[in-house]
Amino acid sequence: MSSVQTINLPSLQLQLRQIIDHMEMLAQQPDVLLQWGKEVGAELEDEGERLADLSSQIAAAHRQSAVKTSANVQPFEAPKLAVSP
């Protein structure tokens, strides 16, 4: 049986941010973008699409959760005032 190391989400987000920051720093150097080649650009585009898909899934999950939550909440009714004869 193999064990899978789990890394918490904030750590993963930090690592991703650091990687992107580092790549952006490298890209500012002269001719680096040409040295990386088209395949690197294509891979980054693919990974960007994967991140966009994850973002959409998170947004959809929150929308579904909000709909479920609002369905369980009773609608607000104004109090009925007693009318004197």
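Here the 3J(HN,Hα) profile of the range 15-21, calculated from phi with Karplus coefficients 6.51, -1.76 and 1.60 at θ = phi - 60°, is 4, 4, 4, 5, 5, 5, 4 Hz, Gly and Pro shown as x. Applying the Karplus relation 6.51 cos²θ - 1.76 cosθ + 1.60 with θ = phi - 60° to the range 41-47 yields 3J(HN,Hα) values of x, 5, 5, 5, 5, 4, 5 Hz, where x marks Gly and Pro.
The HN-Hα couplings worked out from phi for the range 48-57 by the Karplus form 6.51 cos²θ - 1.76 cosθ + 1.60 (θ = phi - 60°) are x, 5, 5, 5, 5, 4, 4, 4, 5, 5 Hz, whole numbers, x standing for Gly and Pro.
Every read-out reported here was derived from the displayed coordinates using simple, explicitly stated rules and does not represent laboratory data. Nothing here was measured: the structure is a model prediction, and the numbers come from that model.
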